[in-house]
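Engineer: What follows is a single structure, and I will ask about it in a moment.
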Ligand SMILES: Cc1ncc(COP(=O)(O)O)c(C=O)c1O
């Protein structure tokens, strides 16, 4: 924090205007940090169920690997992430050349846009699709074409209808954030069979490891169709490594080689690399994370039903709840209870909040706080 008597330089610089499409971008707003709320309220026990993080923390094996790697922080990371790439390739049954890593999957999504899209191009995406898709599209001067959702779920038939000769890419988050819904196998296959070969199909599977529905399509299973699918995944969710920033894409060697031309040389830090290698071996942590999420989701669904609060069917580690009222009033009231959730008005969802599945005591605290607010 700045001292009140700190002397600050005022920097006067000539105003240089960016491109119109950059000027008009609405910046991404992250969830409120716990420390910030505790500082503001002078409390100590705030909980954050706002950013779809793993409430169990990182894998213990990853923590050990990170502490052992600390002494080598004077060295640049391996720019090719050799060991991680080989380990993950083996795990996924692909060649190392089919993988590219990024500083979070956010970065690889951005690399896709910078590699394949230019001003005048179009990218089709669902109306409540993950907000980073329209941001990276607009940031390169391309246009986001918005497809209405059906029951808060991507409608691939509608997305298909919106493809034109200007379309360069289609973005599908499966499951989607903030709705938590999935596109099922039948619709996904229908879409993939028809989509033209010169269109990049970005399938963001950040929540892949949470989905237990047998009708959920794993986009890696469709490589035989020969379409330009780029699968995006992350270590931020079930592996609990959001703070280290590590995501990746799986695609053809040719697509990956183009993306590597745009990628910054040392974009994935050394701690993230060793942590991810260790986390991939921590099957117990993944299983615990999945189990605690399943139980939490069942509990929240049960309690929300008892309160007659509608919610979208969730296949993820969060749930989108329709409060039927101004969510900002409820969000602020929950903050005063020390509970941080996420309003999603920026998605055009004007009566909803998104709640991350937490530890059992966090879920109970959310439910008791919301009960108290709604009955007052
Ligand atoms: C659908 C989706 N994709 C990608 C991300 C980005 O995750 P990260 O950059 O931490 O890998 C998120 C984060 O919440 C997400 O919800």
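The values are calculated or read from the model by the stated rules, or taken from the named source; none is laboratory data. Given the structure is predicted, the values throughout are model-derived calculations rather than measurements. Counting neighbours? That spans all protein chains shown, and the Cβs are built from the backbone with ideal geometry, glycine included.
Engineer: Within region 189-213, can you find the residues that are over 17 Å from residue 122 (Cβ atoms) and either within 16 Å of the ligand (Cβ to nearest atom) or free of Cβ contacts under 8 Å to residues at least 12 places away in the same chain (or both)?
Structural biologist: Selection gives 203, 204, 205, 206, 207, 208, 209, 210, 211.
Engineer: From (1) away from the ligand (no atom under 11 Å from the Cβ); (2) on the phi < 0 side of the Ramachandran plot; (3) out of contact with any strand residue (DSSP E or B) (no Cβ under 6 Å at 6 or more places or on another chain), pick out the condition that doesn't hold for residue 226.
Structural biologist: Among (1) away from the ligand (no atom under 11 Å from the Cβ); (2) on the phi < 0 side of the Ramachandran plot; (3) out of contact with any strand residue (DSSP E or B) (no Cβ under 6 Å at 6 or more places or on another chain), the lone unmet condition for residue 226 is (2).
Engineer: Shifting gears a bit: Quick one: which residue in 135, 159, 111 is more than 14 Å from the ligand (Cβ to nearest atom), touching a residue at least 12 places away in the same chain (Cβ under 8 Å) and either closer than 24 Å to residue 207 by Cα or part of a helix (DSSP H, G or I) (or both)?
Structural biologist: Numbers: 135 fails: more than 14 Å from the ligand (Cβ to nearest atom); 111 fails: more than 14 Å from the ligand (Cβ to nearest atom).
Exactly one residue qualifies, and that residue is 159.
Engineer: Right, another one. Mind listing whichever residues of region 34-63 are away from the ligand (no atom under 15 Å from the Cβ), in contact (Cβ under 8 Å) with a residue 12 or more places away in the chain and closer than 30 Å to residue 136 by Cα?
Structural biologist: Correct list: 34, 37, 57.
Engineer: From the list 261, 233, 294, 245, which residue is in the same structural domain as residue 353 (by TED's automatic domain parsing) and modelled with pLDDT of 95 or more? I'd like the intermediate steps shown before the answer.
Structural biologist: Numbers: 261 fails: in the same structural domain as residue 353 (by TED's automatic domain parsing); 233 fails: in the same structural domain as residue 353 (by TED's automatic domain parsing); 245 fails: in the same structural domain as residue 353 (by TED's automatic domain parsing).
Only one candidate passes the filter, namely 294.
Engineer: Sticking with this one: Please state which of the following conditions residue 85 fails to meet, knowing it meets all the rest: (1) touching a strand residue (DSSP E or B) at 6+ places or on another chain (Cβ under 8 Å); (2) in contact (Cβ under 8 Å) with a residue 40 or more places away in the chain; (3) not in a strand (DSSP E or B).
Structural biologist: So the condition that residue 85 fails would be (2).
Engineer: Within region 346-356, can one find any residue that is surrounded by fewer than 20 Cβ atoms within 10 Å (Cβ to Cβ) and in contact with a strand residue (DSSP E or B) (Cβ under 6 Å, 6 or more places away or on another chain)?
Structural biologist: Within region 346-356, one or more residues are surrounded by fewer than 20 Cβ atoms within 10 Å (Cβ to Cβ) and in contact with a strand residue (DSSP E or B) (Cβ under 6 Å, 6 or more places away or on another chain).
Engineer: Give region 148-182 a look and list any residue that's touching a helix residue (DSSP H, G or I) at 6+ places or on another chain (Cβ under 8 Å) and within 23 Å of residue 233 (Cα to Cα), or say none.
Structural biologist: If the condition is that a residue be touching a helix residue (DSSP H, G or I) at 6+ places or on another chain (Cβ under 8 Å) and within 23 Å of residue 233 (Cα to Cα), then 156, 159, 168, 169, 170, 171, 172, 173, 174, 175, 178 are the ones that fit.
Engineer: Scanning for something over 18 Å from residue 264 (Cα atoms), part of a loop (DSSP other than H, G, I, E, B) and within 14 Å of the ligand (Cβ to nearest atom), does region 117-127 turn up at least one residue?
Structural biologist: Checked region 117-127: no residue is over 18 Å from residue 264 (Cα atoms), part of a loop (DSSP other than H, G, I, E, B) and within 14 Å of the ligand (Cβ to nearest atom).
Engineer: Looking at (1) within 18 Å of residue 255 (Cα to Cα); (2) within 14 Å of the ligand (Cβ to nearest atom), can you tell me which one residue 97 breaks?
Structural biologist: With respect to (1) within 18 Å of residue 255 (Cα to Cα); (2) within 14 Å of the ligand (Cβ to nearest atom), residue 97 is out only on (2).
Engineer: Evaluate region 139-154: report whether one residue or more is within 16 Å of the ligand (Cβ to nearest atom), closer than 21 Å to residue 262 by Cα and part of a helix (DSSP H, G or I).
Structural biologist: Yes, region 139-154 has at least one match.
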